[in-house]
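Structure first, then comments.
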């Protein structure tokens, strides 16, 4: 990827979900402007009709000797935004992941209900996407984490307590120090495939790493997010000729 393309992708990742209310109205999850129309809304969204789109139903994976995920996360003050499509937490430099021989910087994470990906046809109540940008390649690596009902999650509670109920600018809560490690399960075995952003412009530049083990959040926490966003998940996309790999022996 050349430098200009990398800079454009950086701007895309940083601003992917940070648009204001006017921009948020340009596409939606249902009705007019919904997923079936995304590619027609703008020429910038043409990739939404591509062959390597996400999310997908993860089934019949091929066991493989896949590399370890090595995260290096630290607590950081909470910077949260409601962009009209989801709740997103933005990050300054300092959190990263080593994967497939490259360092990926954590840029932001956000949430979808129900889960966008499915495992053998089954979607979870919610999914978190931790979005990383490659320091060398400029590509994206996204950790997908399923969220299921169980015990409350303190990090989710802190985000929900600070999240704006209407679309608007970023809100920073300096006294809330959150570690994204709290959104990862203990077992980090995973599924791996090549895909895209799950929102416009649907760019096919994403290494998807879907963790097998979910994390628990309380039903009240699930319900609280769903009050703001009852449904913000893209329909499943065809796998086509892609391979889905999984860590073997775990």
| said: Going by Cα centres, segment 44-90 and segment 96-142 are how many Å apart? | reply: 3
| said: Taking 0.36 nm per residue of sequence separation and subtracting the Cα-Cα distance, how much length would be gained by fully extending the chain between residue 166 and residue 242, in nm to one decimal? | reply: 23.5 nm
| request: Set the Förster radius R0 to 25 Å, insert the Cβ-Cβ distance between residue 30 and residue 122 as r into 1/(1 + (r/R0)^6), and round the FRET efficiency to 0.05. | output: 0.70
| For the residues 40, 212, what sequence is obtained by ranking on other C-beta atoms within 10 Å, fewest first? | 40, 212
| query | Got the relative contact order for the chain handy, in percent, Cα pairs under 8 Å and 6 or more residues apart? | reply | 27
| said: From the mean inverse distance of alpha carbon pairs (Kirkwood) and the Cα radius of gyration, derive Rg over Rh for the chain. | reply: 0.93
| field | Model label zone, residue 194; criterion: amide N under 13 Å from point 7 Å along Cα-to-beta-carbon; scope segment 46-88 | value | 51-53
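Only the coordinates and a few stated rules stand behind these numbers; no lab work does. Fair warning: this is a prediction, and the values are worked out from it, not measured in the lab. Glycine also receives a Cβ, built like all others from the backbone with ideal geometry; neighbour counts cover every protein chain displayed.
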